[in-house]
1. Determine the shape class of the stretch 74-134: with a ≥ b ≥ c the square roots of the Cα gyration tensor eigenvalues, call it rounded for a/c under 1.5, and otherwise prolate if a/b is greater than b/c, oblate otherwise.
2. So what is Rg over Rh here for the stretch 2-72, counting just Cα atoms and using Kirkwood for Rh?
3. Can you pull the Rg over Rh of the chain, Cα-only, Kirkwood?
4. Place the peptides 72-82, 11-21, 35-45 in order of packing, highest mean first, counting for every residue the other Cβ atoms within 10 Å and averaging per peptide.
5. When H86, H67 are ordered from fewest to most other Cβ atoms inside 10 Å of their Cβ, what list results?
6. Given R₀ = 30 Å, what would the calculated FRET efficiency be for N107 paired with K52, taking r from the Cβ atoms and rounding to 0.05?
Amino acid sequence: MIELTTIIERSDAQNLQTTACLSLPINARIKSRIKVELDSGESAGLFLPRGKVLRDGDVLANEAGLHVLIKAADEQVSTVHCADAHLLSRACYHLGNRHVPLQIEANWVRYQHDHVLDAMLRDLGLSVDVAMHPFEPEPGAYGGSSAGGHSHHH
């Protein structure tokens, strides 16, 4: 089994030649110790520093010089497109109030699919599209690397 132990962030990995690819959903990209299967079918294990979320474009390396490109895999997500900034802000407020990891862009917000959250946003007057897309949530204001949960004291 290939042991991947080092993270090279995408800003430092731009000129590296990668030899393999690993597509993972967000729930796997937040784990530091996990058995995975490279896109080629080879078994690998992640033995990474704790607290770091793997992002699309990061590269993992091992001691033998293997470089593996991380790809955000498609997963079931809900996306709300809205040109009304106030209404979109309300959607983000209500989702954030429930500690839901969000991917926020100029005219849309995305979260891991949840029919209860979809209904809540429809009740606000928004249209929700459920589909398979990569999910890259905001890293968070407290610590910057967590995709879920939070670490501040109440």
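Any read-out appearing in this document is the output of simple, stated calculations on the displayed coordinates, not a laboratory observation. Note that the structure is a prediction, hence the values are computed from the model and not measured. Positions of Cβ are backbone-derived with ideal geometry, glycine not excepted, and every protein chain shown enters the neighbour counts.
1. Cα axes put the stretch 74-134 in the rounded bin.
2. Taking Rg over the Kirkwood Rh, I get 0.90.
3. Ratio of gyration radius to Kirkwood radius for the chain: 1.03.
4. So the order, starting with the most tightly packed, is 72-82, 35-45, 11-21.
5. Ordered from fewest to most neighbouring Cβ atoms within 10 Å, H86, H67 come out as H86, H67.
6. According to the calculation, E is roughly 0.50.
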